[in-house]
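Have a look at the structure below before the remarks.
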Amino acid sequence: MASVAEAAVGKADLGKRLIAALIDGILAAGVSLIPFVGGILGGLYILLRDGLELEFMDRRSIGKKLMKLRPVRLNGQAMDPITSVKRNLPLCVGAVGSIFWVIPILGWIVAVLFGVIGLVIAMVELVLVLTDPEGRRMGDKLGETKVVEVAD
């Protein structure tokens, strides 16, 4: 488990973070292809991925585990599902729009609007990861977390 001292170290490698995000995005997209419940399961993975106490994930997403990254809380406590939801909520705004695709015309417009808003938020998140001295994006600030590199 990452300590407060690890949380104080500089930001994690941006390339590793990007690859981890791509892995997680591909996993969520793949799960979302399951009829009826896939979109919900994919969205839940994105929201909860950093706080699940599953042995193979170790309170971090599969992408972060493979890239040897760990989200840590600034107060030194262990990641939990609520903190994970807080840090990943901005990334799910676009996915909320997919609920409206089943409603012809008006639902499609709402879905596209959510998609555009989600895209703008994703771009802001990327800019923050690149420009913030600690690599903290909006979600990290909401969840009071940051991503660090670890040996395991």
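The values are calculated or read from the model by the stated rules, or taken from the named source; none is laboratory data. Quick caveat: nothing in here was measured; it's all calculated off a predicted structure. Neighbour counts are summed over all protein chains in view; Cβ atoms, including those assigned to glycine, are modelled from backbone coordinates with ideal geometry.
Rundown of residues vs (1) closer than 12 Å to Thr145 by Cβ; (2) small (Gly, Ala, Ser); (3) surrounded by fewer than 19 Cβ atoms within 10 Å (Cβ to Cβ); (4) in contact with a helix residue (DSSP H, G or I) (Cβ under 8 Å, 6 or more places away or on another chain), yes/no style:
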| position | (1), (2), (3), (4) |
| --- | --- |
| Arg17 | no, no, no, yes |
| Leu47 | no, no, no, yes |
| Gly51 | yes, yes, no, yes |
| Arg60 | yes, no, no, no |
| Gly63 | no, yes, no, yes |
| Val93 | no, no, yes, yes |
| Pro104 | no, no, yes, no |
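Checked against (1) modelled with pLDDT under 95; (2) under 15 Å from the mean Cα position of the chain (by Cα), Val124 passes all but condition (1). Could you grab me the full set of residues in segment 89-120 that are farther than 18 Å from Tyr45 by Cβ and under 16 Å from the mean Cα position of the chain (by Cα)? Within segment 89-120, Leu119, Val120 meet the criteria.
Within segment 112-134, track down each residue that is touching a Lys or Arg at 6+ places or on another chain (Cβ under 9 Å) and either part of a helix (DSSP H, G or I) or among the charged types (D, E, K, R) (or both).
Taking segment 112-134 and keeping what is touching a Lys or Arg at 6+ places or on another chain (Cβ under 9 Å), we get 124-129, 132-134.
Val124, Glu125, Leu126, Val127, Leu128, Val129, Asp132, Glu134, listed by residue number.
Looking at this structure, is Glu125 among the acidic types (Asp, Glu), more than 21 Å from Lys68 (Cβ to Cβ) and surrounded by 17 or more Cβ atoms within 10 Å (Cβ to Cβ)? Give the derivation first.
Numbers: among the acidic types (Asp, Glu): yes; more than 21 Å from Lys68 (Cβ to Cβ): yes; surrounded by 17 or more Cβ atoms within 10 Å (Cβ to Cβ): yes.
Judged against the criteria, Glu125 is a match.
Contact map, segment 20-46: residues that are small (Gly, Ala, Ser) paired with residues that are surrounded by fewer than 16 Cβ atoms within 10 Å (Cβ to Cβ), Cβ distance under 6 Å, separation 6+ or inter-chain. Pairs shown: Ser32/Gly38.
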